[in-house]
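The values are calculated or read from the model by the stated rules, or taken from the named source; none is laboratory data. A quick note: this is a predicted structure, and the numbers were derived from the prediction, not measured. Neighbour counts run over all protein chains shown; Cβ positions are idealised from the backbone, glycine included.
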Amino acid sequence: MHLVTYRAGRTPRLGAIWHDALLDLRNLSVDMATQRHPRPAREALLPTTMLELIEAGPGLWARAQEVWDYGRVLVDRLDPGDLQRRRVLRRLSRTRLLAPIPRPRKNIFCMGRNYAEHAAERGAAPPERPVFFTKPPTAVIGPGALTADSEFASSVLVPAPSAAVAVDSP
């Protein structure tokens, strides 16, 4: 399951990608639950954000897998237009993906794997131990988002490659 966070209007939403479609997991959980009960219990529904899903733990992760399996069957068997009207499917090509967790609650801990390469570029000795550093939650960007290039940060914005986090040397 390829989980993503995407923008629906102004709101970040939890989704999953199947083929060229994006499934809204919360809406899909509502659709699935209403197939069984006209008024589904709140516990039958998935949260709207990735962070809520992660924090919910293994029980809800298993539920997300059930909803995902249900969604894949719908996409493979039904008309995409019908699924769009049911608000469970969006065309991936018309959807803006965000960072998986757009605003982490705490700093992001990183390990500089490529510090030996950076040291070689500068003609310096590589570090003897891995280098760890943190990035603030504001450093998180989504695929295709603009980021400041470290060498031209004061004047130029460049498109970043698809990445969840912009990482550069501290």
Checklist outcome for this item: Within segment 123-170, the residues that are over 18 Å from C110 (Cβ atoms), at pLDDT below 50 and in contact with a helix residue (DSSP H, G or I) (Cβ under 9 Å, 6 or more places away or on another chain) are none
Checklist entry - Are there any pairs, at least 6 apart or on different chains, whose C-beta atoms fall under 9 Å, with the first in segment 26-38 and in contact (Cβ under 8 Å) with a residue 40 or more places away in the chain and over 16 Å from T5 (Cα atoms) and the second hydroxyl-bearing (S, T, Y) and surrounded by fewer than 20 Cβ atoms within 10 Å (Cβ to Cβ), and if so, which? => result D31/Y70
Checklist entry - Within segment 91-105, is there a residue that is part of a helix (DSSP H, G or I), within 24 Å of V30 (Cα to Cα) and not polar (S, T, N, Q)? => result yes
Item to check | All positions within segment 117-135 that are in a loop (DSSP other than H, G, I, E, B) and of a type outside the set (A, V, I, L, M, F, W, C) | outcome: G123, P126, P127, E128, R129, P130
Checklist entry - Among the residues of segment 2-22, is any within 20 Å of R86 (Cβ to Cβ), surrounded by fewer than 18 Cβ atoms within 10 Å (Cβ to Cβ) and of a type in the set (V, I, T)? => result yes
